[in-house]
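Novice: Below are the structure tokens for one structure; questions will follow.
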Amino acid sequence: MALEFEVHMIINYFQPNFRTKMMRYTGKMEEFFEVAYLSANNYAPIINFNSNELSLLWFQEDGNELVIDRVTHSFKKNDIVSLTEFNQIQVKAIGTAKFLKWNKHFYCIVTSDSEVGCKGILFYGAASLPIIYPSDQEVETLSTVWKMLELEMTSSDNLQEEMLQMMLKRIIILTTRMYKAQTQYKNVEHKNFDIIREYNFLVEQYFREKHTVAEYAELLFKSPKTLSNLFKKLGKKTPLQFIQDRKLLEARRLLSYSNKTVSEVGYEIGFADVQSFSRFFKKQEGVSPVDFKK
């Protein structure tokens, strides 16, 4: 009964002002964690990313339209999308939204808890932009956790950072479960899922210099055939397509948002000459990199 009363008090205490509200924790080692409320008049946090920053964006209204890496996405109320420093974002329309942003100094577990850390499927997955569609019950659970997070943001004792990390991890666990349940990742055994996540993370690290499945298979101490069989369980892309998609994504970003020439872009993502890069890009995108840049 006491717990129900406490949660009820938390939920009713916080009535966020979406026009101005932003809470930030900053630690002694440059780690930070932000809880923000965005609106059509205040969405700068989602287009201003610095190195090593990660985020979750939770829409609170319908009618949102964002261009992410040159692809237009429409989002409805309660849709959630995870973003990293590598995403290039333009806002065409946005209603109210809840937003979490933190840097890797605050939370990034690579060697343990990797499913909900920086190797997790919500961040740095090469397959597609992770978009989550929570059910009504899941929204209710997330809302309760969010209110408790808000309360913790008002604390100022020596345990605050550890508590905030725990709350963030809980949110990442919840959203990771949702994403796994609504995608074909749920059809993959846990031990095999770990291999797929590790493969995606390695692609993120080495896509500029390693271009074949065999090179990643060697890093994972697996055969290329074993990797191909695992990815078949996802039902969509092959391991090679994951590599190609990551290279294509980087090419699109550089062509769209940098002043690099076509040959410089091709060289940066691992092509020895502009002709090879142009053939690759046109085959994947349907237009030449020159036309795409124009």
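Novice: Could you please find all residues in the stretch 241-250 being of a type outside the set (Val, Ile, Thr) and crowded, with 17+ Cβ neighbours inside 10 Å?
Specialist: Scanning the stretch 241-250 gives Phe242, Gln244, Asp245, Arg246, Lys247, Leu248, Leu249, Glu250.
Novice: Between Arg279, Arg246, Arg252, which is within 25 Å of Lys180 (Cβ to Cβ) and either part of a helix (DSSP H, G or I) or not assigned by TED's automatic domain parsing to the domain that holds Ile195 (or both)?
Specialist: Arg246
Novice: Can you run down the residue pairs with Cβ atoms below 8 Å, 6 or more apart or on separate chains, where the first is in the stretch 52-81 and within 20 Å of Thr175 (Cβ to Cβ) and free of Cβ contacts under 8 Å to residues at least 24 places away in the same chain and the partner is of a type in the set (Asp, Glu) and buried (at least 19 other Cβ atoms within 10 Å of the Cβ)?
Specialist: none
Novice: Which residues, taken from the stretch 70-88, are in a strand (DSSP E or B) and surrounded by fewer than 17 Cβ atoms within 10 Å (Cβ to Cβ)?
Specialist: The answer is Val71, Thr72, His73, Ser74, Thr84.
Novice: A further question follows. If you check every pair at least six apart or on different chains, which have Cβ atoms under 8 Å apart with a residue in the stretch 153-169 that is under 22 Å from Lys21 (Cα atoms) first and a residue that is small (Gly, Ala, Ser) second?
Specialist: Going by the 8 Å Cβ cut-off, the qualifying pairs are Glu161/Gly27; Met163/Ser155.
Novice: Which of the residues spanning the stretch 35-51 are over 19 Å from Asn87 (Cβ atoms), more than 17 Å from the chain's Cα centre (by Cα) and touching a residue at least 40 places away in the same chain (Cβ under 8 Å)?
Specialist: Of everything in the stretch 35-51, those that are over 19 Å from Asn87 (Cβ atoms), more than 17 Å from the chain's Cα centre (by Cα) and touching a residue at least 40 places away in the same chain (Cβ under 8 Å) turn out to be Tyr37, Ser39, Ala40.
Novice: Next question, about the same structure. What's the total number of residues in the stretch 247-294 that are aromatic (Phe, Trp, Tyr) and touching a helix residue (DSSP H, G or I) at 6+ places or on another chain (Cβ under 7 Å)?
Specialist: Total satisfying the criteria: 4.
Novice: Residues Glu218, Glu198: which one is surrounded by 14 or more Cβ atoms within 10 Å (Cβ to Cβ) and in a helix (DSSP H, G or I)?
Specialist: Numbers: Glu218 fails: surrounded by 14 or more Cβ atoms within 10 Å (Cβ to Cβ).
After applying the criteria, what remains is Glu198.
Residue by residue, here is whether (1) assigned by TED's automatic domain parsing to the domain that holds Gly27; (2) at positive phi; (3) part of a helix (DSSP H, G or I); (4) surrounded by 17 or more Cβ atoms within 10 Å (Cβ to Cβ) holds:
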position	(1), (2), (3), (4)
Ile121	yes, no, no, yes
Thr141	yes, no, yes, no
Val145	yes, no, yes, no
Glu150	yes, no, yes, yes
Ser156	yes, no, no, no
Met167	yes, no, yes, yes
Ile171	yes, no, yes, yes
Thr175	yes, no, yes, yes
Met178	yes, no, yes, yes
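The values are calculated or read from the model by the stated rules, or taken from the named source; none is laboratory data. Everything quoted here is computed from the prediction, not taken from an experiment. Neighbour counts are summed over all protein chains in view; Cβ atoms, including those assigned to glycine, are modelled from backbone coordinates with ideal geometry.
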